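Data block below; observations after.
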Amino acid sequence: MKILLINGPNLNLLGTREPEKYGSTTLEDIETSLKEQAAKNGAELDCFQSNHEGEIIDKIHSAKGKYDGIIINAGGLTHTSVSLRDAISSVAIPTAEVHMTNIHAREEFRHTSLISGVAVGQVVGFGKNSYKYALEGLIEYLK
């Protein structure tokens, strides 16, 4: 089983970006931990991060036929990108949406996710553990 983890804009700054909201764990730390977790569950995890919407869309398109599942934290694109939603829908790969903070308890503009309607599930609000729970859930879903 192959899973692709995609992180969107500004998530490369985890560990230093607003630590009161996102903690001090870096994206590299999260990726390393998730790769270990995936391996323990018989899965392989590849990771990708970009601050550019088009690159993320291209990565999703290229995942078709290569990956069994996708985990995505699209950052701010979650609330604005119809194109990203369409890309996820187009490849028909089961996708789990993840956010470290509870987007439904933040600013009103963050309450709407354009991705959730094409995702098999959404995990929000558990900090770095949101990724862990999303991976566990997606692996179970794919089994």
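For the reader, a short list of remarks on this structure follows.
- Condition check for His104: over 16 Å from the mean Cα position of the chain (by Cα) and within 19 Å of Gly137 (Cβ to Cβ): yes
- Selection status of Ala39, of a type in the set (A, V, I, L, M) and either open to solvent by less than 40 Å² (accessible area, probe 1.4 Å) or in a loop (DSSP other than H, G, I, E, B) (or both): no
- Positions within segment 55-85 being out of contact with any His (no Cβ under 8 Å at 6 or more places or on another chain), among the β-branched types (Val, Ile, Thr) and either surrounded by 18 or more Cβ atoms within 10 Å (Cβ to Cβ) or within 27 Å of Lys143 (Cβ to Cβ) (or both), in sequence order: Ile56, Ile57, Ile60, Ile70, Ile71, Ile72
- Take the conditions (1) outside any loop (DSSP other than H, G, I, E, B); (2) under 14 Å from the mean Cα position of the chain (by Cα); (3) closer than 28 Å to Glu36 by Cβ; Glu140 misses just one of them, which is (2).
- Answer from Ile30, Ile93 - the residue that is within 21 Å of Ile139 (Cβ to Cβ), of a type in the set (A, V, I, L, M, F, W, C), open to solvent by less than 30 Å² (accessible area, probe 1.4 Å) and part of a loop (DSSP other than H, G, I, E, B): Ile93
- Filtered residue count, segment 101-121, keeping only those that are touching a strand residue (DSSP E or B) at 6+ places or on another chain (Cβ under 8 Å) and modelled with pLDDT of 95 or more: 7
- Test for Asp68: is it closer than 14 Å to Ala119 by Cα and free of Cβ contacts under 8 Å to residues at least 12 places away in the same chain: no
- Segment 42-86, residues that are in contact with a strand residue (DSSP E or B) (Cβ under 9 Å, 6 or more places away or on another chain) and in a helix (DSSP H, G or I): Glu55, Ile56, Lys59, Ile60, Ala63, Gly75, Thr78, Leu84
- Tally of residues being open to solvent by 60 Å² or more (accessible area, probe 1.4 Å) and in a helix (DSSP H, G or I) across segment 1-27: 5
- Which listed residue is outside any helix (DSSP H, G or I), surrounded by fewer than 17 Cβ atoms within 10 Å (Cβ to Cβ) and not basic (Lys, Arg), from Phe109, Phe126: Phe126
- If you go through segment 130-140 and keep only what is out of contact with any strand residue (DSSP E or B) (no Cβ under 7 Å at 6 or more places or on another chain) and open to solvent by 60 Å² or more (accessible area, probe 1.4 Å), you end up with Lys132, Glu136, Glu140.
The values are calculated or read from the model by the stated rules, or taken from the named source; none is laboratory data. Keep in mind that what you see is a predicted model, and the values were worked out from it rather than measured. All Cβ positions, even for glycine, are placed from backbone atoms using ideal geometry, and neighbour counts span all protein chains on display. Note: accessible area is taken over every heavy atom of the protein model, side chains too, but ligands, DNA and RNA are not part of it. Shrake-Rupley method; radii C 1.70, N 1.55, O 1.52, S 1.80 Å.
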